[in-house]
Amino acid sequence: MTAHASQTETSVNQIDDVVAYMAGLGQGARVAATQMRRAVTGDKNRALLAMAEHLQRRRSEILEANAADLARGRASGLEAALLDRLALNDARIDAMIEGLEQVAALPDPVGEIEGLRYRPSGIQVGQMRVPLGVIGIIYESRPNVTMEAASLCLKSGNASILRGGSEARDSNAAIAACIRDGLRDAGLPETAVQVVATTDRAAVGQLIAMPEYVDVIIPRGGKSLIERISREARVPVIKHLDGVCHVYIDATADPEKALAIAVNAKTHRYGTCNTMETLLVDAPVAEALLPRLAQAYAAHGVELRGCERSRAILDDIAAASEEDWYAEYLAPVLAVRVVDGMEAAIEHIERYGSHHTDAIVTEDYGLARRFMAEVDSSSVMVNASTRFADGFEYGLGAEIGISTDKLHARGPVGLEGLTTRKYVVLGDGQVRQ
């Protein structure tokens, strides 16, 4: 075992100098990132499959560690929803193993050369896809994110520093051991993936303020965490704050499509960032569609909060406040507004939306094209549920998160989103005249 691996495994109570500890992780990651640029696809895949084998062999140890986290969480009054996110079981470990196998099967984007073309001088110019370098990932509750983040960063040729929530510290430590041993089995540097051992909140402050060691930060968690990271980070951040997603039903929409999409976008899952939070209905079809939609939502236990025009049609729903239009409920609550045409719908989305995912249901090709061009969101959909805004559904294989930023990555961030491109020039002795 290396000295640095020993440091990673140190008990949280033995790390007194968090600044020095985090700098050590950063130094190890920077060295590993250089080595990972040389790693071939076969070695990366061997490491991923070895991690899967270690998860299988250490299943009982991981569940025992998770039981300790759950007991501590219950004693501290952790909410039921957070306890559910924290919990591991055989099915969730199986899902982690399957995820590693899926990432190993994905095409490796590193080294791809795109757009290679001859210039008048005779040189060829193209762009090569390369790793970002060192990625810091900060997340809460779910210990399976530790393996998910490690696998994606590894396959894309990056080194990573992972800081999970304090509530999952024993689970994360057990999973980290599987990661280290998998890297060792494949002959890759153990510091290519490092899980922060200390639960001291100061570790986050250090991680996001080490541009000499860390190239990008990806926060995954609640709005307050992401706001803090965005405000204090000294390195670039890939993130989204809110998922205030809309479905707009146009007057030309097929009623059956509209009903299916609007119900699925809200009720498929309530606690995800791509769940619809506001439904916009074109005035000419509101009177016919809203009662059918209300009946469908009632069957799912969804509370509706509407504008004056929607309440004139559905007189038993609550009035929506100004705050409701901005709300990301993550719950069986839906804001409903009747609008006068697509321009009013786009105006509403621009004012209240979060640039995450917005959809139109329409049979008018021209309106669909305009909606796609004019709605400034990371995913814009025509005649499809917002719940499709997901790396797996987009064919990325997996995702590290969703980005609503416009620079570097936008939308679901998969393997390609964890890489960048550099220009490469191929010549045969040319000199510039």
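Packing around the peptides 208-214, 175-181, taken as the average count of other Cβ atoms within 10 Å per residue, puts them in this order, highest first: 175-181, 208-214. Sort the stretch 64-108 into rounded, prolate or oblate with this rule: let a ≥ b ≥ c be the square roots of the eigenvalues of the Cα gyration tensor; rounded if a/c is under 1.5, and if a/c is not under 1.5, prolate when a/b is larger than b/c, oblate otherwise. Note, shape of the stretch 64-108 comes out prolate.
From the helices alone, meaning DSSP H stretches of at least four residues, give me the mean residue ellipticity at 222 nm for the chain, per-run term -39500 (n - 2.57), in deg cm²/dmol to the nearest 500. Walk me through the numbers before you get to the answer.
Values: 16 runs with 191 residues, N = 433.
Helix contribution divided over all residues of the chain: -13500 deg cm²/dmol.
Would you mind counting up the charge near E374? Only other residues with Cβ under 11 Å from its Cβ, with Lys and Arg at +1 and Asp and Glu at -1. So the surrounding residues net to -3.
If you roll a 1.4 angstrom probe over the protein chains with everything in place, what fraction of the accessible area of the stretch 381-420 belongs to carbon and sulfur, to the nearest %?
Working: 900 of 1660 Å².
Heavy-atom surface of the stretch 381-420 belonging to carbon and sulfur, 1.4 Å probe: 54 percent.
Positive contributions from Lys and Arg (+1) and negative ones from Asp and Glu (-1), summed over other residues with Cβ under 15 Å from the Cβ of E212, come out at +1.
Over the chain, accessible surface divided per residue gives 44 Å², non-protein components excluded, 1.4 Å probe. Can you flag which of K44/K422; K155/K266; K44/K406 are past 26 Å Cα-Cα? Over 26 Å Cα-Cα: K155/K266; K44/K406.
Hey, what D do you get for the stretch 132-246 in µm²/s if you plug the Kirkwood alpha-carbon radius into Stokes-Einstein at 25 °C and 0.890 mPa s? D, rounded to a whole number, is 171 µm²/s. If you line up the long axis of helix 223-232 against the longest principal axis of the chain, both from Cα atoms, how many degrees apart are they, to the nearest 10? Roughly 50 degrees, rounded to the nearest 10. Within the accessible area of the stretch 158-219, the carbon and sulfur atoms contribute 42%, probe 1.4 Å, all protein chains present. When a/c is below 1.5 the answer is rounded, else prolate if a/b is larger than b/c, else oblate, so apply that to the stretch 37-81 with a ≥ b ≥ c taken from the square roots of the Cα gyration tensor eigenvalues. Note, shape of the stretch 37-81 comes out prolate.
How much net charge surrounds I175 when only the other residues with a Cβ under 12 Å from the Cβ of I175 are counted, with Lys and Arg +1 and Asp and Glu -1? Write out the running numbers ahead of the final one.
Working: positive: R58, R59, R92, R142, R169, R180; negative: E61, D69, E148, D170, D181.
For residues surrounding I175, the net value is +1.
Between the helical axis of 341-352 and the longest alpha-carbon principal axis of the chain there is an angle of about 40 degrees.
Just order 326-339, 88-101, 110-123 by mean Cβ neighbour count inside 10 Å, highest at the front, would you? Don't skip to the answer; put the middle values down first.
On the way: 326-339: 20.1, 88-101: 16.5, 110-123: 12.0.
Ranked by mean Cβ neighbours within 10 Å, highest first: 326-339, 88-101, 110-123.
Peptides 217-225, 340-348 ordered by packing proxy, namely the average of other Cβ atoms within 10 Å per residue, highest first: 217-225, 340-348.
Against the chain, whose longest principal axis comes from its Cα atoms, helix 255-267 is set at around 50 degrees.
The values are calculated or read from the model by the stated rules, or taken from the named source; none is laboratory data. Because the structure is a prediction, the values reported are computed rather than measured. Glycine also receives a Cβ, built like all others from the backbone with ideal geometry; neighbour counts cover every protein chain displayed. Only protein heavy atoms, including side chains, enter the accessible area calculation; ligands, DNA and RNA are left aside. Shrake-Rupley method; radii C 1.70, N 1.55, O 1.52, S 1.80 Å.
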